[in-house]
Structures are given as C-alpha cells and as structure tokens.
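What follows is a single structure, written as structure tokens, with notes after it.
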Amino acid sequence: MSELQLDGGCLCGEIRFECRSKVLNAYKCHCRECQQSSGGGFMGVMWVHDRGFRFVKGEPKFHMSVPSAGRELHRGFCADCGATVIVRNTATKGLLFIAPSALNDPSVFAPRMEIWTGRAHDWDIIDATIPTFEGQPSDQEMLSFATF
C-alpha cells in the first residue's frame, strides 16, 4: 500500500494531526479495555510510522494502562471532549496507532483482522471474511498481517 495522507483530530477540534505514512496494519480489537476506551464494541486500530505523524494543533492527554495482552499502552485523548486520537504501545517502537474514528475520512480504515473476538458482545458482528483471533495473536501473527 502506498503512502497516504491521514488527517484528523478530536471531536471538538482542539487537537488536529496530519500523518504521511502507509498504513502498516489495521484491525478491530474487541478487548474490554478497547471497548471502554472507544465507548463501543471494539476499537479500530491503524498502525503507521510515527516519523510521518505530527500534531498541528494541541496535544493529547495520555492514559497509561496494561490491558489483557500485557503490553503498556498510552492512549492519547482530548482533555476537553474525551475523544481518543492515538495510542502508543511500548512494545512497538517507531509505530503509532491512529484511531480511525479520529480521521477526517474514516472510510480508509480497512481492517485486515479482528482480535480478542472472545470478548466481543453478542450484538457486535464479527467480519467472517477476515482472520479472527479469540485473544491476543502472537507477535509473529500480528506481523504477518503488516506491510512494512
């Protein structure tokens, strides 16, 4: 996939970003922490190179948690409206995770897999056309869906 222009921000507009990167991986995570963070049944995640990302207005506040996968996550959100914008994972140096809901054009989100489907709610429809994982895939499995 070629490099994309991914612009976006939070709900109230206090945080704006631009990113010039190819999307390295994209998936839907149904873990409880992502459900709570997103306010929905799952959180969409898009991996990008952090070198192509910059905030052009404002900065997020970060909340650190260690979800079920055991990796330290720093979720960046707007302190005014609460919208999640980015996530940093301490295990993935050089990468940044963008919340597709924060994009100006979220239609570019094309999940390649769904993870933690064992925690999905009955009302949350799992896409049977892409690979699914009941829990956290291994690092090797996650990387097998990535394109660097």
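Things to note:
- Net dipole in debye of region 45-90 [+1 Lys, Arg Cβ; -1 Asp, Glu Cβ; about Cα centre; nearest 20]: 100
- Added length on full extension, which subtracts the Cα-Cα distance from 0.36 nm per residue, residue 64 to residue 22: 12.5 nm
- The packing ranking, built from the mean of other Cβ atoms within 10 Å per residue, places the peptides 135-141, 93-99 in the order 93-99, 135-141, highest first.
- Using the rule -39500 (n - 2.57) for each DSSP H run of four or more residues, divided by the residues of the chain, the 222 nm mean residue ellipticity is -2000 deg cm²/dmol.
- Spin-label model distance (nm) - residue 134 vs residue 122, 7 Å beyond Cα toward Cβ: 2.0
- Solvent exposure of the chain as accessible area per residue, Å², 1.4 Å probe: 51
- Among 6, 55, 38 - extreme Cα towards positive end, dipole of the chain, charges at beta-carbon: 55
- Each Lys and Arg adds +1 at its Cβ and each Asp and Glu adds -1 at its Cβ; summed about the Cα centre, the chain shows a dipole of about 400 debye.
- Ignoring aspartates and glutamates fewer than eight residues from residue 28 along the same chain, the ones with Cα atoms less than 18 angstrom from its Cα are 105, 114, 122, 124, 127, 134, 139, 141.
- On full extension, the segment bounded by residue 57 and residue 89 gains 9.3 nm, given 0.36 nm per residue less the C-alpha separation.
- Summarised in one figure, the compactness ratio Rg/Rh of the chain, Cα atoms and Kirkwood Rh, is 0.93.
- For residue 43, net neighbour charge (Lys/Arg +1, Asp/Glu -1) across residues whose Cβ lies under 13 Å away: +1
- Computed FRET value (nearest 0.05) for residue 11 with residue 110, which takes r as the C-beta separation and R₀ as 22 Å: 0.45
The values are calculated or read from the model by the stated rules, or taken from the named source; none is laboratory data. Keep in mind that this is a model prediction, so the values were computed, not measured. As a convention, Cβ positions derive from the backbone with ideal geometry for all residues, glycine included, and neighbour counts pool all protein chains shown. SASA here: full protein model, heavy atoms, side chains in, ligands and nucleic acids out. Shrake-Rupley method; radii C 1.70, N 1.55, O 1.52, S 1.80 Å.
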